[in-house]
Amino acid sequence: MNLKDLYKIPGKTVITAHRGFSGKYPENTLTAFRKAMEVGANIVEFDVRETRDGQLVVLHDATLDRTTNGTGAVISKTWEEVRKLNATYWAGTHDAGHRLAVPAGEEGIPLLTDALELLAGKVGVNIQIYTENDEALKRIAILYLKYGLEKSGFLMLRSFEEAKSIRKYHPSIQICVGKSRDDLPRHLAFGVDFMQPQKSQLTDDFLRRIQTTDIPFNVFFANTEADMRWLLERNVRGIMSDVPDQLRAIAKAAAL
């Protein structure tokens, strides 16, 4: 799969499942990733953090409290401690969900390698990096290359400094940067491969300028029909959602 080619298909909406199909299944779990693929998501987005002993795990929050039966920072725990936790305590979308009194299932926090084994070669991947050191970035870069993601995936990095570090490891790694998302000239000057603007940043002027570039972009985020239609009416090609099934249905109907 060549991810960038998807954005060149006339009339196509490129759908990113945010933390997997997280509006219906526990976020950042293998089930959420499988279900995202089943409903036709083009890209699966997920987050990576690090345990105290250096294991790369799939988790959005810095702490375990919201989505698991653990407490405290994941960076303060060993993988042996983390692997025993239940990761199904959050139900619903990331912006309007709630913590459950009892878990919805029995899944734990996946390793990054678990996610890549499931997704690589089957769907695009958007890997949001929240690791704490350069050595972890290097290990993620090695896995990116090992799983052959050069055309089908990209790393979402917090800063341009982290992006520079990744580029040192290998120039073929595709990059998106989270800092200064509305500063289009800065991203163009750096040479990012993708952009991920927030919906609140989409002024008419910003949309006009970014749509005249060749940079594919995915807007974060649309979880309601109103937001989905608002983006589609403005010819936004890439949209992130916790409910990719709804987005796919609305995009299909809008294209008819």
Completion exercise
Expected vector for segment 185-195, Karplus 3J(HN,Hα) from phi with 6.51, -1.76, 1.60 and θ = phi - 60°, integer Hz, x for Gly and Pro, equals x, 5, 5, 5, 5, 6, x, 5, 8, 9, 10
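222 nm [θ] for the chain, helices only, -39500 (n - 2.57) per DSSP H run of 4+, per residue, to 500? The partial results should precede the final answer.
Values: 10 runs with 84 residues, N = 256.
Counting only the DSSP helices, I get -9000 deg cm²/dmol.
For each pair in Lys35/Lys199; Lys24/Lys138; Lys4/Lys164; Lys84/Lys168, compute the distance between the two Cα atoms and list the pairs where it is over 30 Å. Don't skip to the end; give the middle numbers.
Working: Lys35/Lys199 25 Å; Lys24/Lys138 33 Å; Lys4/Lys164 21 Å; Lys84/Lys168 36 Å.
With Cα atoms farther than 30 Å apart: Lys24/Lys138; Lys84/Lys168.
Viscosity 1.002 mPa s, temperature 20 °C: Stokes-Einstein D of the chain from its Kirkwood Cα radius, in µm² per second? Display every interim value, and only then the final one.
Numbers: Rh = 18.4 Å.
For these conditions, the coefficient is 116 µm²/s.
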Completion exercise
For Glu150, the net charge from surrounding residues (Cβ-Cβ under 14 Å; K, R +1; D, E -1) works out to +2
Exercise for the section: Give me the Kirkwood hydrodynamic radius of segment 1-89, using the inverse of the mean 1/r over all pairs of distinct Cα atoms, in Å to one decimal. Expected result: 14.3 Å
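Please report, to one decimal in angstroms, the Kirkwood hydrodynamic radius of segment 71-214 built from all distinct Cα-Cα pairs.
On the way: mean 1/r = 0.0571 Å⁻¹.
Evaluated over segment 71-214, this radius sits at 17.5 Å.
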Problem - Antiparallel DSSP beta bridges within the chain, as percent of all bridges there, nearest 5 - result: 20 percent
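Give the relative contact order (percent, whole number) for segment 14-145; include only Cα pairs under 8 Å separated by 6+ residues.
On the way: 268 pairs, mean separation 35.9, N = 132.
It rounds to 27 percent for segment 14-145.
Please list 119-130, 104-115 highest first by mean number of surrounding beta-carbon atoms within 10 Å per residue.
Packing order, densest peptide first, comes out as 119-130, 104-115.
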Problem - Anchor Lys151: aspartates and glutamates whose Cα lies under 15 Å away (excluding residues fewer than 8 positions away in-chain) - result: Asp5, Asp193
Completion exercise
The simple spin-label model distance between Asp204 and His98, using points 7 Å out along Cα→Cβ, in nm, is 4.1 nm
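Peptides 165-176, 143-154, 232-243, 180-191: what's the order by average Cβ count within 10 Å, highest mean first?
232-243, 143-154, 165-176, 180-191
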Handout entry: Backbone HN-Hα couplings from phi across segment 215-230 [Karplus 6.51/-1.76/1.60, Hz, Gly and Pro as x]
Key = 7, x, 9, 10, 7, 9, 8, 9, 10, 10, 4, 4, 5, 4, 5, 4
Exercise for the section: Round to a whole angstrom and tell me the spacing of the C-alpha centers of segment 59-123 and segment 215-236. Expected result: 27 Å
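Values quoted throughout were computed directly from the atomic coordinates according to the rules given, and no laboratory measurement underlies them. Since the structure is predicted, the reported quantities are computational estimates derived from the model, not experimental observations. Note that each Cβ is placed from the backbone with ideal geometry, even for glycine, and that neighbours are counted across all protein chains shown.
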